[in-house]
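This report refers to the structure that appears directly beneath it.
The values are calculated or read from the model by the stated rules, or taken from the named source; none is laboratory data. Predicted, not measured: the structure shown is a model, and the values here were computed from it. Don't worry about glycine lacking a Cβ; one is built from the backbone with ideal geometry, like all the others, and counts go over all protein chains shown. Just so you know, the surface numbers come from the protein's heavy atoms only, side chains and all, with ligands and any DNA or RNA stripped out. Shrake-Rupley method; radii C 1.70, N 1.55, O 1.52, S 1.80 Å.
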Amino acid sequence: MRAVVIEQAHQWAVQDIPDPRPGPGQVLLRPVLAGVCGTDRHLLAGGFMARFPLVPGHEIVGEVVELGPDVPSPIAVGDVVAADNTRLCGHCEYCRRDQPLYCRNFDSLGVTGPGGFAELVAVGADKCFALDGLDPMVAVMTEPLACAMHGADVLALRPGSDVLVLGAGPTGLLLSQLLLHGGAARITVAAPSPHKLELARAFGVDETVLLSRTDPDPGFAALARLAPSGFDVVVEATGSAQVLARCTALTRTGGTVLVYGMADESDTVAFSPYELFSRELTVKGSFAQTHCFDRALLALRTGRVRTEGIVTDVHGLDGFGAALAPSGIKAVLRPDLAGVRLCHAGRVTDVLAGWQSEPFTAAGITHPVYRKGSGPGVVLLPELPGMTPEVMALAERLVASGFTVAVPSLVGTPGRATSGAYLAAAVPKVCVSAEFKAFAVGTSRPVAEYVRALARSLHDEVGGPGVGVIGMCFSGGFALAAAVEPAVLAPVASQPSLPFPIGRARRADVGMSDDDRAVLARRARDEGLCALGLRFTADGAVPAERFAAMAETLGAGWRVVEIDSSPGNSHGIAKRAHSVLSSDYVDEPGHPTVAAYETVVAFLRERLAVAALS
């Protein structure tokens, strides 16, 4: 399997290593998402209990793929779970004193043992907590929230307290919400990032203060004005010794300082013993967690603690280095995410040349729509991260093939070239958007109604018997769902990837409700509706079960183009190939992707022509 391996301090690489095997009482997980946090930076630097070589990754959401011996029955292959990374001996003096966090043999997946930045990881079955339908992009915050739960336990907040949280990183945002709902009369968050403070306000904190890294004194002065006598509780959640050194001055006499952020092991802070003595200040520390996962998951399921907007960067394993310095707030790794291909097309202005843009609104959703060409109408739905030059190259081919093409900009910046950071920023937005419902099973999506309305509008504009809709990647299923609209006569689903194929139900889900599937089945039976599906055979994002489900719905009306991407295939197509008509399209005579495009064009012409004759 492939895994991130830290061989020694400051040296890491993605390596092929032996697959782990589940031992007695263990299960084998395929990590779906694994969060990256400050601990991983400390580990890479050789600190915080690191034992090399190490596969890091301690914030794990994964799918059970194999059971070891003696695993209790409630857990089964196909379950998607959050994995508690802690492992305790149960027999040392601290475990026997019911203080397991101080276990002398404390062990942690991704810290002292193999973790989740890999294609497989072995985990104790008793450490697996079923998501029960919770979105994995939310559930990946379970371990950080469990740590925040322990921090709240340590703090034991007195109701009505005035609380200051210094730091608005992921843990600061989570702990602020716990304290907000746990009795604080006022929560103030101070941090150097305006966008993080904006998110803190959205989560319900009462006050925010901008605390510049280069000139923090004005920010500290603003905090002193907010609480002239000091705050009852000051939480240091940055891991900065310099910030911690300012905490006692911000604390009310008789108050508490909670050291929550992880500083370097060599850092020291000077306190005045007399001040602690005379003002009866309490200083507490909070380290990791044990036995807090169940409460953390409950808070996430109920929405009492919110996470939208916290995960901003998504990378494959090769992006571990970039994930340590996310462009936004928090990064996660998706071990199955293929490497990002850089675009070598022309400037943004070039790829949009000649396209007319105007906003289109339907179902409460507004997006700019780009139109060009003449002839029968085709709605082209972009893939992630948006209307890239590769997507627009496909649009130009369709125009040249004799179609009027309408391209709605569902995500991203129209014409922007693909990059790792751009894709990483787009994925979490899709994951958390109610418009797309990236993980939902058997449900209608608001965007589907938008696409149907756009198809009707294009049909009204260009006339003729009807229109085609082409969806790709995350939008592939939208093209199929659009066929509920009678004007849609030729839906094409290229590598339909939603819902993300995590678990058995999602692998077989076609991205629409049962009612919508029934409409498609009726249209296939009574009207001869056909749909075309395209995929690379080794593409894990588009499982064969999904195509089989469409065959059950449409019968002979489901037509398929599958391109061999297995190892050793005759055209040298990579196993990780995904985008049949765009990024992985090879414009060479005889190449399977060219044949696939020609099949799409023939399908569009045939279905519209057949409909015209009827």
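One table, with the values for the structure above:
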| quantity | calculated |
| --- | --- |
| Residues that are assigned to a strand (DSSP E or B) and open to solvent by 10 Å² or more (accessible area, probe 1.4 Å), drawn from segment 84-111 | 87, 107 |
| Condition check for residue 537: polar (S, T, N, Q) and more than 27 Å from the chain's Cα centre (by Cα) | no |
| Which listed residue, of 518, 487, 508, is over 17 Å from residue 604 (Cα atoms), in contact with a Lys or Arg (Cβ under 7 Å, 6 or more places away or on another chain) and either surrounded by fewer than 24 Cβ atoms within 10 Å (Cβ to Cβ) or not small (Gly, Ala, Ser) (or both) | 508 |
| Qualifying positions in segment 245-271 - at pLDDT 95 or above and either over 20 Å from residue 216 (Cβ atoms) or among the small types (Gly, Ala, Ser) (or both) | 245, 249, 252, 253, 254, 255, 256 |
| Residue within segment 149-158 that is farther than 17 Å from residue 306 by Cα and in contact with a Lys or Arg (Cβ under 6 Å, 6 or more places away or on another chain) present | yes |
| Pair list, Cβ < 6 Å and 6+ apart or interchain, from segment 359-388 residues that are touching a residue at least 12 places away in the same chain (Cβ under 8 Å) and within 24 Å of residue 607 (Cα to Cα) to residues that are part of a loop (DSSP other than H, G, I, E, B) and not hydrophobic (A, V, I, L, M, F, W, C) | 372/354; 375/402; 376/464 |
| Failed criterion for residue 205 (all others in (1) under 36 Å from the mean Cα position of the chain (by Cα); (2) farther than 25 Å from residue 303 by Cα; (3) in a loop (DSSP other than H, G, I, E, B) hold) | (2) |
| Single match in 64, 55, 32 (criterion: touching a helix residue (DSSP H, G or I) at 6+ places or on another chain (Cβ under 7 Å) and at pLDDT 90 or above) | 32 |
| Filtered residues of segment 269-318 (kept if open to solvent by 70 Å² or more (accessible area, probe 1.4 Å), in a loop (DSSP other than H, G, I, E, B) and within 23 Å of residue 138 (Cα to Cα)) | 287, 291, 304, 306, 308 |
| Single residue of segment 9-18 satisfying the filter (open to solvent by 90 Å² or more (accessible area, probe 1.4 Å) and part of a strand (DSSP E or B)) that is modelled with the highest pLDDT | 16 |
| Filter result (farther than 24 Å from residue 472 by Cβ and assigned to a loop (DSSP other than H, G, I, E, B)) within segment 513-539 | 528 |
| Residue tally, condition without any contact (Cβ under 8 Å) to a residue 40 or more places away in the chain, buried (at least 17 other Cβ atoms within 10 Å of the Cβ) and not small (Gly, Ala, Ser), over segment 247-268 | 4 |
| Hits in segment 219-266 - residues which are closer than 16 Å to residue 165 by Cβ, part of a loop (DSSP other than H, G, I, E, B) and not basic (Lys, Arg) | 227, 230, 237, 238, 239, 240, 247, 260, 261, 262 |
| Residues satisfying the stated conditions in segment 368-381, i.e. at pLDDT below 90 and buried (at least 18 other Cβ atoms within 10 Å of the Cβ) | none |
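Yes/no per residue for (1) surrounded by fewer than 13 Cβ atoms within 10 Å (Cβ to Cβ); (2) under 25 Å from residue 139 (Cβ atoms); (3) in contact with a Phe, Trp or Tyr (Cβ under 7 Å, 6 or more places away or on another chain):
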{"residue": "32", "(1), (2), (3)": "no, yes, no"}
{"residue": "39", "(1), (2), (3)": "no, yes, yes"}
{"residue": "53", "(1), (2), (3)": "no, no, no"}
{"residue": "57", "(1), (2), (3)": "no, yes, yes"}
{"residue": "65", "(1), (2), (3)": "no, yes, no"}
{"residue": "82", "(1), (2), (3)": "no, yes, yes"}
